[in-house]
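Student: First, the structure itself, so that you have it in front of you.
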Amino acid sequence: LFVLVIQFSGGVYLAAVSDMVGTTALMQEDILMAGYASLVGMAINFAVMFRIKFRFSTRTQLIAAGLVLMAANIICAHTSSVPLLVATCFVAGWFRMQATLACNSTIQLWLTPVRDMAVFFCYVYIVVDSVIQLSGMATVYTAFLAQWEYMHWIMTGLLALMILAVT
């Protein structure tokens, strides 16, 4: 459940780009760049993720990532500054991937008892890509029923509940 909450909260929700363009008066390309910065942040984390995982406890990683992702959701819902939006999404992507590894490494031996990383990373890839699709659908329905900013507020509340459960 924590993995879903973490993966759903990723800075800019690209499914709501047209709504965001109308509200913030930003160009569509600027918002797409911020969304892609989140994906770059996730990819760059792979270079150091195991070093961080072995340095900090899972609890510390989840609380830190939850706090950063909460701040990122609040910033992305209210800013109209492109550099701030891109930087925030990059940092959010980095922490998303780190927290995803922290969650998934606790069940790694369930997935592959011999620690076969080829199996483990395939699972992580499937989870990340699936949740990207599901978060797009959830964002579309949230924007249709209310406003696109509500997705950020919903995820901020779920992250607060996650932090509370971790502590």
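Student: Any idea which of T112, M20, L134 is furthest toward the positive side of the dipole for the chain, if Lys and Arg beta-carbons carry +1 and Asp and Glu beta-carbons -1?
Tutor: T112
Student: Turning to a different aspect of this structure: Looking at the chain as a GNM with Cα springs under 10 Å, which of T142, T112, T24 has the largest mean-square fluctuation?
Tutor: T112
Student: I need two numbers for the range 1-85: Rg to one decimal and Dmax as a whole number, Cα atoms only, in Å.
Tutor: Here Rg and the maximum Cα pair distance are 14.4, 44 Å.
Student: Within the chain, which whole H helices from DSSP have a Cα span along their axis of at least 27 Å and a mean Kyte-Doolittle hydropathy of 0.0 or more, if any? Can you show the working numbers first?
Tutor: Working: long enough: 58-78 (30 Å, 1.24); 82-105 (34 Å, 1.13); 117-145 (41 Å, 1.64).
Those that pass (Cα extent of 27 Å or more, hydropathy at least 0.0) are 58-78, 82-105, 117-145.
Student: Springs between alpha-carbon atoms under 10 Å, Gaussian network over the chain: tell me which of V124, V12, V114 tops the mean-square fluctuations.
Tutor: With Cα springs under 10 Å in the chain, the top fluctuation among V124, V12, V114 is at V114.
Student: Under a Cβ-only charge scheme (Lys and Arg +1, Asp and Glu -1), can you give me the dipole magnitude of the chain about the Cα centre, in debye to the nearest 20? Please report the intermediate quantities before stating the final value.
Tutor: Values: 6 positive and 6 negative charges, 143 e Å.
Dipole of the chain, to the nearest 20 debye: 680 debye.
Student: What is the distance, in nm, between label points placed 7 Å from the Cα along the Cα-to-Cβ direction at I107 and at I126?
Tutor: Here the modelled spin labels are 1.1 nm apart.
Student: Mind telling me which of L145, L67, L26 comes out most flexible in a GNM of the chain, alpha-carbon contacts under 10 Å?
Tutor: Fluctuation is largest for L145.
Student: What share of all Cα pairs of the range 96-167, in percent, falls into each consecutive 5 Å distance bin?
Tutor: 3, 13, 17, 20, 17, 14, 9, 4, 2, 0
Student: Going from the alpha-carbon gyration tensor of the chain, what semi-axes, largest first and in whole Å, does one get by taking the root of 5 times each eigenvalue? Numbers along the way, then the final one.
Tutor: Numbers: eigenvalues 153, 48, 45 Å².
Sorted largest first and rounded, they come to 28, 15, 15 Å.
Each value in this text was obtained by applying a stated rule to the coordinates, not by laboratory testing. All of these numbers come straight from a predicted model, not from anything done at the bench. Every residue, glycine as well, gets a Cβ built from its backbone with ideal geometry; the counts of neighbours run over all protein chains shown.
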